[in-house]
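One structure coming up, written as structure tokens, with questions to follow.
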Amino acid sequence: QIAFQAGTLLQGKNILVTAGPTYEAIDAVRGITNNSSGKMGYAVAKAALEMGAKITLISGPTCLSPPTVDKFISVVSAEEMLHAVQAEVSQADIFISVAAVADYRAASIKEQKLKKLPANLLIELTPNPDILMTVSTLPNPPFCVGFAAETENLEKNAAAKRNKKKLPLLVANLAQDAIGSDENELILLDDEGKHVLPKAAKIEQARHLMMHIHSLYSKLKKN
Ligand code: CTP
Ligand code: CA
């Protein structure tokens, strides 16, 4: 672990962060979403701010008050989040995708409230775009950091995700430990291998993570 250093390490760097869940409407009053408080994404934005970066934070619906970032964009659905990311990404040196994006949305959104009937209800779902993958496979992508919350085979699943999405860094954590909690344990996977950040407050983890990102990013820029 590298000791946290507030100040100017990330001065002049534009960092784009997504946070929170997305909400996919089914009808006028209902929807499907992911269990995500937004705490980790907001902590990452805050830690990067402390290091002097300019932050654009794109957030799905949360109950948190956002940190005072340079630009805060509130979105609801994955498609809205994708459009917001696409509008901001050309400015970004680093993209940190912390959002728990819903993998599916309703194939069609009913305009009126669905009425309750005494039968099973089938809802057709269609896949959402993979926002991180859209960014990481751009011809000239920013430095991309992904998150993976897994319930089992944490390292194996996370390593596979890092490869698939072509990410220099992937942050893995156990969903059952992390969701909604103020603390988590993180495993950072990069080209050099794995680094464990033992259980601590999310803001502390975010500070260690940002130091790690700074170190990888500056090595890359030197080469
Ligand atoms: N992600 C994204 N857009 C999506 C789905 C995921 O940007 N539609 C990003 C998340 O923000 C995270 C990373 O991809 O940084 C991994 O998300 P995760 O849900 O763990 O991976 P998936 O590829 O969706 O695989 P699965 O849910 O099947 O485990
Ligand atoms: Ca997913």
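Return the Rg/Rh ratio of segment 91-159 with Cα-based radii and a Kirkwood Rh.
1.14
A further question follows. Using modelled backbone amide H atoms (1.01 Å from N, in-plane), which distant-in-sequence or interchain residues come within less than 5 Å of LEU9's amide H?
none
Each reported figure results from applying straightforward, stated rules to the coordinates on display, with no laboratory input. Model, not experiment: these values are computed from the prediction.
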